[in-house]
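J.: Mind having a look at this structure? Questions to follow.
Read-outs: derived from the displayed coordinates by stated rules, not from any lab. As the structure is a prediction and not an experimental result, all values here were calculated from the model. Backbone-built Cβ (ideal geometry, glycine too); neighbour counts: all protein chains shown.
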């Protein structure tokens, strides 16, 4: 089971494959899904860099620009953080934003997949 989760086989060829995953899509649908995925990756990179910039601004550091690349970005600041604590908070802001986005989108999706695969309520849900 762990091998299937780590390799992504749970939805794509593993023994716990949900019935809805067996349906094939048209070429146009795959293109649409690909474009949507690319836009979502871009938006998540933007949110990550904005989180760094917002925390820097709260620490009194002026952000000159944010450059976005395909799978990352760089926030250029006018000065160095005043302390190691401020630098740590600025560095932590981006990954924290990613964890929030991942939890907001991933947990409901994983719960739905679990229920569809096993027919039971996910054990991590309290109600």
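J.: With contacts defined as alpha carbon pairs under 8 Å and 6 or more residues apart, what's the relative contact order of the stretch 29-114 in percent? Let's see the in-between values first.
T.: Details: 76 pairs, mean separation 25.3, N = 86.
Once normalised by length, the contact order is 29 percent.
J.: Calculated FRET efficiency, residue 32 and residue 68, Cβ-Cβ r, R0 22 Å, to nearest 0.05?
T.: Numbers: r = 23 Å, r/R0 = 1.04.
After rounding to 0.05, the efficiency reads 0.45.
J.: Taking the simple approach of a point 7 Å from Cα along Cα-to-Cβ for both residue 103 and residue 42, what is their distance in nm?
T.: For residue 103 paired with residue 42, the spin-label model returns 2.9 nm.
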